[in-house]
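Below is one structure, written out as structure tokens; the observations come after it.
The values are calculated or read from the model by the stated rules, or taken from the named source; none is laboratory data. Just so we're clear, the structure is a prediction, and the values are computed from it rather than from any experiment. A quick note on method: Cβ atoms are made from the backbone with ideal geometry, for glycine too, and the neighbour counts reach across all protein chains shown. Ligands, DNA and RNA are stripped out before the accessible areas are found, and what is left, the full protein with its side chains, is counted by its heavy atoms. Shrake-Rupley method; radii C 1.70, N 1.55, O 1.52, S 1.80 Å.
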Amino acid sequence: MPRYRIAVLAAVLLFVVTMPLYLHMKRGPHKKTALLLKGLSTLIPTVLCIVGAASDAAPPGSWWMAVGLMLCLIGDVVLELHFITGMGAFLLGHLCYIGSFLSQKGPSLWIVGYFIPLMMLVTLLFVPLVPKLEKPRLPYIVYVVVIVAMLSAALPLPFALGIRGVLQAAGAALFVLSDLLLGRNLLTFTNRLRDAVSL
């Protein structure tokens, strides 16, 4: 079995242990340990991406993706300590993902074609909840626009890159879905199942 497959298998097994432990411990008295586990869960794919980006066979945009994951690793930890700062790290990470997607496919009118209906859908879902947002509201609005732009930049990739593009578009879609579920949790009520699915 090639080394990268062994590394991915080991990473998946480690993630399967760390994430459930985090979910179990985050509501108990061991919040610092839980935060460490959360950071470790994000560190696993980040390290894999850095190793891949450093290889000779790395596709275009790999370092953009690696830097984006590093910023989201920081955001994952900081989010628990200071929400707006953590959200800012995630926003920068999403900008890096956009850079990665564009470096693989290039700008396209399809991106605009995806962005407009997606932005309309997200707006319809969240406009009723805007009054519940803490002030200032602009950072939240900017963040939503950026994550929808990130997804819009990823959606044309399957047509250009095949399975690699499908995986990246699926990852972008799951990231947006996770953030939307997190947003619903924050603005309505905390549902444990929705919280677990989001993570």
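Details
- Surface exposure of the chain, expressed per residue as accessible area with a 1.4 Å probe, stands at 58 Å².
- Once all protein chains are placed together, ARG27 keeps about 100 Å² accessible to a 1.4 angstrom probe.
- Partners for LYS32 among lysines (Cα-Cα distance below 30 Å; same-chain residues under 8 apart left out): LYS132, LYS135
- Backbone N under 14 Å from the VAL142 label point (7 Å along Cα→Cβ), restricted to region 67-110: 84-95
- Eligible lysines near LYS38 by straight Cα distance, threshold 23 Å, same-chain separation 8 or greater: LYS26
- If a spin label sat at a point 7 angstrom from the Cα of THR188 along the line to its beta carbon, the backbone N atoms of region 121-140 nearer than 11 Å would be those of 126, 129.
- Modelled FRET efficiency - R0 25 Å, ALA11 with MET119, Cβ distances, 0.05 increments: 0.15
- Rounded, prolate or oblate (a/c below 1.5 giving rounded, otherwise prolate when a/b exceeds b/c) for region 135-197 by Cα gyration tensor: oblate
- For semi-axes √(5λ) of the Cα gyration tensor in Å, calculated from these coordinates, the label among [x] 26, 25, 14; [y] 36, 32, 15; [z] 30, 24, 16: [x]
- Whole-angstrom gap from region 139-199 to region 93-116, using each part's C-alpha centre: 14 Å
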